[in-house]
Amino acid sequence: MFNLILFGPPGSGKGTQSEKLIAKYELKHLSTGDLLRSEIANQTPLGLEAKSFMDKGQLVPDEVVIGMISSALDGHPEAKGFLFDGFPRTEAQAEALDKLLKLKKTAIHLMLALDVSEEELVKRLLGRGKTSGRSDDTNEEVIRARIVEYHKKTSPVADYYAKFDKVKHIKGEGTIDEIFDALCEQVDMKKK
Ligand code: AP5
Ligand code: MG
């Protein structure tokens, strides 16, 4: 198995690059943002709870997303590996993920972290908000709140994996193909 975390602030290109990486390396894509949006679309109790946090740009409580990831892992016993996008976002989530993977006799092999300046993030998200229908993209205040939440609670997750020497930083500005090539270079080195 090969398990990868694609890490980075809101708008850094995790979703865009995930689509390309899962196709090339035959990984199962697990995006907690996409899973939560599907719960909202289906108007489940979990979705209704999550929406109140997401609309403010705040993280959804750890136990909610950890439960979702645990079911998603169990739901794909055939997977050759997983690409985690937007998860883990707190140290508690990272510790829970390590435990879940250990039960499956596997682990995280690599974290690729996309570095993008704050002004570029805001520009991209406001741009996407014109067409995406994502309520958290339409208003600059909520976008800035997501970035603050990222610095406060999520960026320490990279330090957690750095302790195990599993993190590589990639410049997340440039063309989508240039960034994809830089990500693939790191995956190929790790897989050797
Ligand atoms: P989530 O859905 O994960 O959103 P996010 O992290 O805020 O990031 P985005 O999906 O907005 O951006 P991205 O990095 O995927 O970039 P993308 O490829 O789309 O989370 C949403 C919310 O759900 C959170 O705020 C939280 O409330 C909750 N949540 C989710 N997971 C959680 C967890 N684990 N714990 C707690 N709460 C959780 O690209 C962005 C835009 O830029 C696109 O328009 C794209 O076309 C464009 N773009 C991409 N690459 C480039 C490029 N190279 N040049 C120019 N434009 C580009
Ligand atoms: Mg995304």
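The values are calculated or read from the model by the stated rules, or taken from the named source; none is laboratory data. Keep in mind the model is a prediction, meaning the values are calculated, not measured. For neighbour counting, all protein chains shown are included, and Cβ atoms are generated from backbone atoms with ideal geometry for every residue, glycine included. To get the accessible areas, we keep the full protein, side chains included, count just its heavy atoms, and leave off ligands, DNA and RNA. Shrake-Rupley method; radii C 1.70, N 1.55, O 1.52, S 1.80 Å.
Each row is one residue, and each column tells you yes or no for (1) surrounded by 13 or more Cβ atoms within 10 Å (Cβ to Cβ); (2) in contact with a strand residue (DSSP E or B) (Cβ under 7 Å, 6 or more places away or on another chain).
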{"site": "Val64", "(1), (2)": "yes, no"}
{"site": "Ile69", "(1), (2)": "yes, yes"}
{"site": "Asp85", "(1), (2)": "yes, yes"}
{"site": "Arg89", "(1), (2)": "yes, no"}
{"site": "Lys105", "(1), (2)": "no, no"}
{"site": "Leu110", "(1), (2)": "yes, yes"}
{"site": "Glu119", "(1), (2)": "no, no"}
Review point. Which condition does Gly129 not pass, out of (1) exposed (fewer than 14 other Cβ atoms within 10 Å of the Cβ); (2) at pLDDT below 95, if it passes all the others?
Key: (1)
Study note, to complete from the structure: Scanning region 28-52 for residues that are hydrophobic (A, V, I, L, M, F, W, C), open to solvent by 20 Å² or more (accessible area, probe 1.4 Å) and under 21 Å from Ala96 (Cα atoms) gives Leu35, Leu46
Check your understanding: over 16 Å from the mean Cα position of the chain (by Cα), at pLDDT 95 or above and open to solvent by 30 Å² or more (accessible area, probe 1.4 Å), is that true of Lys99?
Key -> yes
Check your understanding: Are there any helices (runs of 4 or more DSSP H) wholly within region 17-104 with 3 or more residues that are in contact with an Asp or Glu (Cβ under 9 Å, 6 or more places away or on another chain) and of a type outside the set (D, E, K, R), and if so which?
Key -> 45-54, 91-103
Check your understanding: Would you pick out the residues in region 1-16 that are away from ligand 1 (no atom under 14 Å from the Cβ) and either part of a helix (DSSP H, G or I) or not aromatic (Phe, Trp, Tyr) (or both)?
Key -> Met1, Asn3, Leu4
